[in-house]
Amino acid sequence: MVLALSCSAAAEAQSLRCNGQLVRDDDTMADVIAACGEPNFRDRWIANSGLGFGLPMSEWTYNPGPRRLIQTVVFRGDRVIQVDTAGYGFRENALPASGDCDPGLITPGLSKYQLLQACGPPLTQVGYFITAKRVYEPGFSYPLTRNGGRFVYRERWTYDFGGNRLRRLIELDNARVVDVMLGNRGS
């Protein structure tokens, strides 16, 4: 799978190039699969439409391996609405097993895919909808002052790293780590 990142200066939107084909906003899921193949990871959630009912959202992650950038494609329904990068790729299954995860690697901005690859599945997880007062983007966050916030799907995951370490309570908003809190001593 050949991936390259292209930027359109006029629109300032990112696109994804796979095997010589360009993936852009408004392409369908079928277009993306035809160009890039199956993603390494798919995540789904429901976003608020502002009309009282939810819109299906999906994020597909393409990991081309070390020394290349991970690409994410976000869909609203069946249509691409955003293409982004998410740090450098890695060899899957080459990271520590769940019990060997380094808690210091869990930081805001980390994607759900990267967290699962680094630390395995959590001990517990719960999800719910909230109105977030901050927007978290890779590398920065900013407060929302207009309209009182943004409706997001929040997940709270708990990792237990054993009796000599504190548990980590991880909050994810729309598949991105937004907060890491210390919990009780592990077991």
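Read-outs throughout are calculated quantities, based only on the coordinates presented, and are distinct from any laboratory measurement. Computed from a prediction, not measured in an experiment: that's the story for all the values here. Glycine also receives a Cβ, built like all others from the backbone with ideal geometry; neighbour counts cover every protein chain displayed.
Show the residues, 5+ positions off or on another chain, whose built amide H is closer than 5 Å to the amide H of G87.
I70
Sort the following peptides by mean Cβ neighbour count (other Cβ atoms within 10 Å, averaged over residues), highest first: 118-131, 162-175.
Values: 118-131: 14.1, 162-175: 17.2.
Sorting 118-131, 162-175 by mean packing, highest first, produces 162-175, 118-131.
If packing is taken as the average number of other Cβ atoms within 10 Å across a peptide's residues, how do 62-71, 177-186 rank, most packed first?
Numbers: 62-71: 18.4, 177-186: 14.6.
Packing order, densest peptide first, comes out as 62-71, 177-186.
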